[in-house]
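Inspection log for the structure reproduced underneath, given as structure tokens.
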Amino acid sequence: MPPTLEIKAISGHAGTVPGHGASRDYDVCKLIDVTTCIGCKACEVACLEWNGYSFTETVFDNSYQTMPETAWNYWNLIRFNEHENSDGSISLLMRKDQCMHCADPGCLRACPADGAIVQYANGIVDFHQENCIGCQYCVTGCPFDIPKFNPSTKKVFKCTFCSDRVSNGLEPACIKACPTGCLHFGSKDDMKELAEQRAAQLREQTSHKDAGVYDPAGVGGTHVIYVLHDIKNPEMYGGLPANPRVPFLVKLWKGPVKLLGGWAMFLGVVGVAIHYLRFGPKDAGHTTGPEDKDDRTKS
Amino acid sequence: MTNGWIDIKNADMMLVMGGNPAENHPCGFKWVIEAKRQRNAKLIVVDPRLTRTAATSDLFLQIRAGTDIAFLGGLINYTIQNNRIAKDYLLNYTSAPILVKEGFKLPEDGFYSGFDPASQTYDRNTWNYAEGGDMSGKAVAATAQAGDPPQQKSSTAAPKAPFPPPLMPEKVAYDLTLQHPRCVFQLLKQQYSRYTPEMVERITGIPKDQFLKAADLFTSVRKDGDMKKVGTVIYAVGWTQHTFGTQIIRTAAMLQLLLGNVGRAGGGVNALRGHSNIQGATDMAGVFDSLPGYLKVPDPTDKDFKTYIDRITPKTVKPAGWDSFNYYSNTPKFAVSFLKAMYGPAATKENDWAFHYLPKVDRNYSWAQIWDNMYRGSVKGMFAFGMNGVAIGPDSQKNIEALKKADWLVVGEIYPDETSEFWKSPGIKPEEMKTINTTVYRLPCAGFAEKDGSMTNSARWLQWKNVAVPTPGEARLDQDIVAQIFLRVRELYKKEGGKFPDPILNSWWPYTTPYNPSLSDLAKEINGKALADLTDPKTAQVIKAGQQLPGFAWLKDDGTTLCGNWLYSGSWTEAGAMTQRRGTDDPSGLGFYLNWAWSWPANRRGMYNRASCDLQGKPWDPSRRQIWWDEAKQLWVGNDVPDFKADSPPKDHMGPFIMNQEGLGRLFVWLNDGPFPEHYEPIESPVQNLLHPNQSNSPVVKKFKTPADKYGTAAEGFNVICTTYRLTEHYHYWTKNNPMNVQLIPEPFVEIPVELAQELGIQGNDKVKVTSARSYYIAKAFVTKRIKPMTIDGKKMYQIGIPIHQGYRGIQEDAGRDARTILNRLTPTVVDPNAFTPEFKGFLVKLEKA
């Protein structure tokens, strides 16, 4: 609960205010229990309707899956996979795919545009299209292949975690629509606990001895976590990476290379200064078009 | 449902067969998930395909379409052989100990005793209880098969009127040791001893080890005689849509009775209805052979009201030492009150309550028969409201041909559909269109959000809904249209007379706005009201004339009450519309929610709940207390409304199944096609019946005989088994008009096993042509691992599956993006002999690349 709504005093209430002074982490989290997902796609439709996207023409592609990948205007997609088990039996795996809202978001790291990607204190990673320059570095930066480019507006889009709903005390639209309760929403701590309980139940009470919780450390943990029947093989759920990381190039670029670039720039400035001190100002008479320059600064 | 949606959360074991709730009832399926999460309940799914329900199961078995009785019969055999039966329950609450008449014969050769080949019906005389009282320990040498079946009629016998159902003797014979060879239990044991795990494998294609795993798991609720655990059976039209559909459901009911799972929270036999108000449609007699509240329709032999009432009111049967409530002995009260609701003051004692106004149903008017009659030219017109008759089939092409011959068709719909535009169906050329003279009237109706009224869900709850949005344009409410037609027809009768105008002229039409009756007026009439001051002699409670009745216990057979449907009595009382209640208190935690809406009968949430207690009236499971006997109050009390005579003490040994005349759960019933279910093959099957190759199909199933009715065989090349279903993304045929639904699954497809696709050189997304003896269907191939090849009696066989939805009107269809054929052109016109439901769920086709 936002601190502004934390109760300080209650009228006509004897004794202490219940819960006063208690501090709670309110990082938000979606828990997707893949073992109870029925692939009904209610979350897909809720996502479209809340975010104002309508009909897209799709083509049948040998699957119940609505389309092969998420799209700039289709952020929530159930991935269907027919997995052959070691005993020859088949599992129909259905996983809700969307932005994972990484604690260490590769998209944000990669993005060079000021204010195009923000990470809120509650964990939501949100794109602000008005600042997006359409460079698509975020696409490269994402280990889950989530951000999608709209070629007509030249902006990148993805799941917002319904930041407009969550900031008003509502659950995301997909959570609200889920009929079986396979989707849960709450604080990261609570969701993690619930997920671990469910995974333990699966290991103890069912044949899913490798059930576990997907909250990959390589991206600092995620604000969308999964309970999987088989935590050892996340790839079988439609390419969920076993160990997602922010791509090396993005790290290199935004880490050492950026630092190096900074130094290079600094040294350049220092060089120019030394040059100035050493040789004095350049003769203006030798330059061309100084008026143009002036015009540009004025405009 | 015997129980309800929420009650599934109380189950320890769940068997889903002939249904796909995750896809077709996703909101209700949450309770299956809840049982898994909260109780570690196990889910077994048996289906021709690995569905999205199966995806969440603990055990999935792929069965050959149409062999459900073989599988369930195998479970019954396993239950008996492994002593997983609920002994006390079986002995005291079911017909297991009752003796069957001598001369009754089991169907080892495919025929029960009494078959009459000429009429293709059974004389059910021997399908009855024997007379004689307590025969315990007096087992005689007589066996079930003693002598020749005496009722076998010669085929030369002249056809005659249908055989009447047998009348149950008042003093039935029984054997409490269950040893008598003619007791129901021994006959049942003998019947299903043939359904060995090996036979189950040969017929169904389910490997023996998998079958045994499922059998052990499902019956484990009764391991070591423990009565605490409960298992439920959940099904839908995958069971009903067969030529033996009723019998599949009966097999499940018998299994549940053997296991003592009926009447208990988390148990029962639960039909999932395919539409939010199909239960309501059935309750209100949306079928030809019943009146509202399941009263039987009059037939031509009912010369007056007394004959009719005597025929339809069951006589109480009390085996010595038993008591029986026989609630249907109140039938005269229900019938008279119904006639008062129909004809008001025109129904008097003197005129037999206007009984002679009711039509006497002299033949079968079921769905497939209506179309057959139109095809043959005897039905000249049709009102089609709220359903797409052409797309429904069972043979869409036959229905189109039938409509071509009709004089007129009135369609009340919210979209143009395949029925209202049958004359535009693919294949009809402009020249032919000119020759179709059927006059089509299209009436724009209101959609579900544009009307109020109650809907009755699968759990028997009547829930009132309010209007959400006004009707657009010229659209009108259904009751507005129907009332105007009725009142104008009545005017014509008044002016012009007719052969028999009385029923029309005297129909009681007391509504505040006669030309557009409000549904609340109708709901109040359905609940019933007092026509004179009534007093309950026990409590001295008085209901004044004109007041709403509190429930069906107040109904009278003297004309002082009026009630449109006795089962719904109690739904709109003087306290208001019970259907509008939204109380969320659930003190027991069992999910009964007695103050939420209203459930028939009498607001009970679980039926037959007396059977949730042992003989002394204590719950079998103390943690799931539904009702119990309160010794101090001398009453049955509890968390649910007792489905029992409230003051009948356990020592009186009244049977818990109070709607049966003997009060017992029936393991032996006189349906039209056999007292015990027997495995018969679908009318189109690739194999001979392994139990009796000379009688593969049910002998009482009749094929239709018009030129449109063709039936294919494997020998003619129709060697692939086909089944049909709905997808979660779609709703029947009308979501073709909603972009959201269309986008989720945009095109028609055929689900094909990988191996079959390889054999035929078919790749995913290729166009394929599926041909049956009747017609063909073209769609894209969905090559899947979720349907595997099957081995049936040593032979490799394939099944394919095709979802219904697409047709020739809709978003994709209008844009020319679909094949524009209707799936139900493939399916055969042939029906279940009890419920008359067509066989959509198992027929033969050819598959090829298109």
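Here are the numbers for the structure shown:
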{"read-out": "Only listed residue being in a loop (DSSP other than H, G, I, E, B) and within 23 Å of A:Ser167 (Cα to Cα), chosen from A:Tyr64, A:Tyr26", "value": "A:Tyr26"}
{"read-out": "Among residues of region B:705-759, those that are polar (S, T, N, Q) and closer than 21 Å to B:Asp814 by Cα, counted", "value": "5"}
{"read-out": "Residue that is within 10 Å of another protein chain (Cβ to nearest Cβ) and surrounded by fewer than 24 Cβ atoms within 10 Å (Cβ to Cβ), where the choices are B:Asn77, B:Asn82, B:Asn40", "value": "B:Asn40"}
{"read-out": "Test: residue in region B:94-114 that is within 14 Å of chain A (Cβ to nearest Cβ) and surrounded by fewer than 24 Cβ atoms within 10 Å (Cβ to Cβ)", "value": "no"}
{"read-out": "Some residue of region B:717-731 being free of Cβ contacts under 8 Å to residues at least 24 places away in the same chain and of a type in the set (D, E, K, R)", "value": "yes"}
{"read-out": "Helices (runs of 4 or more DSSP H) wholly inside region B:465-539 that include at least 3 residues being modelled with pLDDT of 95 or more, touching a strand residue (DSSP E or B) at 6+ places or on another chain (Cβ under 6 Å) and under 18 Å from B:Glu574 (Cβ atoms)", "value": "B:519-527"}
{"read-out": "Counted residues, region A:211-259 - those being among the charged types (D, E, K, R), part of a loop (DSSP other than H, G, I, E, B) and either exposed (fewer than 14 other Cβ atoms within 10 Å of the Cβ) or modelled with pLDDT under 95 (or both)", "value": "2"}
{"read-out": "Checklist (1) within 29 Å of the chain's Cα centre (by Cα); (2) buried (at least 22 other Cβ atoms within 10 Å of the Cβ); (3) among the charged types (D, E, K, R); (4) more than 9 Å from every other protein chain (Cβ to nearest Cβ) applied to B:Arg809, failing item", "value": "(1)"}
{"read-out": "Residue within region A:186-204 that is more than 18 Å from the chain's Cα centre (by Cα), away from every other protein chain (no Cβ under 14 Å) and small (Gly, Ala, Ser) present", "value": "no"}
{"read-out": "Residues (of a type in the set (Asp, Glu), surrounded by fewer than 23 Cβ atoms within 10 Å (Cβ to Cβ) and touching a residue at least 24 places away in the same chain (Cβ under 8 Å)) located in region B:812-840", "value": "B:Glu813, B:Asp818"}
{"read-out": "Residue within region B:453-464 that is touching a residue at least 24 places away in the same chain (Cβ under 8 Å), in a strand (DSSP E or B) and among the basic types (Lys, Arg) present", "value": "no"}
{"read-out": "Filtered residue count, region B:576-597, keeping only those that are under 20 Å from B:Gly266 (Cα atoms) and not in a loop (DSSP other than H, G, I, E, B)", "value": "1"}
{"read-out": "Residue within region B:415-438 that is surrounded by fewer than 18 Cβ atoms within 10 Å (Cβ to Cβ), in contact with a Gly (Cβ under 9 Å, 6 or more places away or on another chain) and outside any loop (DSSP other than H, G, I, E, B) present", "value": "no"}
{"read-out": "Matching entry among B:Asn697, B:Asn719, B:Asn689 (being in contact with a Ser or Thr (Cβ under 6 Å, 6 or more places away or on another chain), surrounded by fewer than 23 Cβ atoms within 10 Å (Cβ to Cβ), more than 14 Å from chain A (Cβ to nearest Cβ) and modelled with pLDDT of 95 or more)", "value": "B:Asn689"}
{"read-out": "Matching residues, region A:81-96, being more than 11 Å from chain B (Cβ to nearest Cβ) and either in a strand (DSSP E or B) or surrounded by 19 or more Cβ atoms within 10 Å (Cβ to Cβ) (or both)", "value": "A:Arg95, A:Lys96"}
{"read-out": "So B:Leu443, is it surrounded by 21 or more Cβ atoms within 10 Å (Cβ to Cβ), of a type in the set (A, V, I, L, M) and in contact with a strand residue (DSSP E or B) (Cβ under 6 Å, 6 or more places away or on another chain)", "value": "no"}
{"read-out": "Selected residue [within 25 Å of B:Pro501 (Cβ to Cβ), modelled with pLDDT of 95 or more and not aliphatic (A, V, I, L, M)] from B:Ser378, B:Ser366", "value": "B:Ser378"}
{"read-out": "All positions within region A:38-73 that are hydrophobic (A, V, I, L, M, F, W, C), more than 8 Å from chain B (Cβ to nearest Cβ) and in contact with a Lys or Arg (Cβ under 8 Å, 6 or more places away or on another chain)", "value": "A:Cys43, A:Ala46, A:Trp50, A:Ala71, A:Trp72"}
{"read-out": "Within region B:85-119, tally of residues that are assigned to a loop (DSSP other than H, G, I, E, B), touching a strand residue (DSSP E or B) at 6+ places or on another chain (Cβ under 7 Å) and more than 28 Å from B:Pro699 (Cβ to Cβ)", "value": "1"}
{"read-out": "Output for region B:209-225, where each listed residue is at pLDDT 95 or above and out of contact with any helix residue (DSSP H, G or I) (no Cβ under 7 Å at 6 or more places or on another chain)", "value": "B:Asp209, B:Gln210, B:Lys213, B:Ala214, B:Asp216, B:Leu217, B:Ser220, B:Val221, B:Arg222, B:Lys223"}
{"read-out": "Test for B:Val32: is it touching a residue at least 40 places away in the same chain (Cβ under 8 Å), of a type in the set (A, V, I, L, M, F, W, C) and within 14 Å of another protein chain (Cβ to nearest Cβ)", "value": "yes"}
{"read-out": "The listed residue being within 21 Å of B:Arg264 (Cα to Cα), β-branched (Val, Ile, Thr) and within 27 Å of the chain's Cα centre (by Cα), out of B:Ile683, B:Ile658", "value": "B:Ile658"}
{"read-out": "Within region B:739-785, considering residues that are more than 25 Å from B:Pro394 (Cα to Cα) and in contact with a Gly (Cβ under 9 Å, 6 or more places away or on another chain), the one farthest from the other protein chains (Cβ to nearest Cβ)", "value": "B:Ala757"}
{"read-out": "Hey, A:Ala200 surrounded by fewer than 16 Cβ atoms within 10 Å (Cβ to Cβ), out of contact with any helix residue (DSSP H, G or I) (no Cβ under 9 Å at 6 or more places or on another chain) and over 21 Å from A:Asn122 (Cα atoms) or not", "value": "yes"}
{"read-out": "In region A:162-185, residue nearest to the other protein chains (Cβ to nearest Cβ) [restricted to those that are among the charged types (D, E, K, R) and assigned to a helix (DSSP H, G or I)]", "value": "A:Lys176"}
{"read-out": "B:Phe843 vs. criteria surrounded by 24 or more Cβ atoms within 10 Å (Cβ to Cβ) and more than 30 Å from the chain's Cα centre (by Cα)", "value": "no"}
{"read-out": "Number of the condition not met by B:Pro298 [criteria: (1) modelled with pLDDT of 95 or more; (2) farther than 30 Å from B:Asn128 by Cβ]", "value": "(2)"}
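Residues are listed down the side, and each one gets a yes or a no for (1) of a type outside the set (Gly, Ala, Ser); (2) closer than 20 Å to B:Gly238 by Cα; (3) at pLDDT below 95:
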{"site": "B:Asp7", "(1), (2), (3)": "yes, no, no"}
{"site": "B:Asp12", "(1), (2), (3)": "yes, no, no"}
{"site": "B:Asn20", "(1), (2), (3)": "yes, yes, no"}
{"site": "B:Lys36", "(1), (2), (3)": "yes, no, no"}
{"site": "B:Leu50", "(1), (2), (3)": "yes, yes, no"}
{"site": "B:Gly66", "(1), (2), (3)": "no, yes, no"}
{"site": "B:Ile69", "(1), (2), (3)": "yes, yes, no"}
{"site": "B:Ile85", "(1), (2), (3)": "yes, no, no"}
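The values are calculated or read from the model by the stated rules, or taken from the named source; none is laboratory data. All of these numbers come straight from a predicted model, not from anything done at the bench. Please note: Cβ atoms are built from the backbone with ideal geometry, for glycine as well, and neighbour counts cover all protein chains shown.
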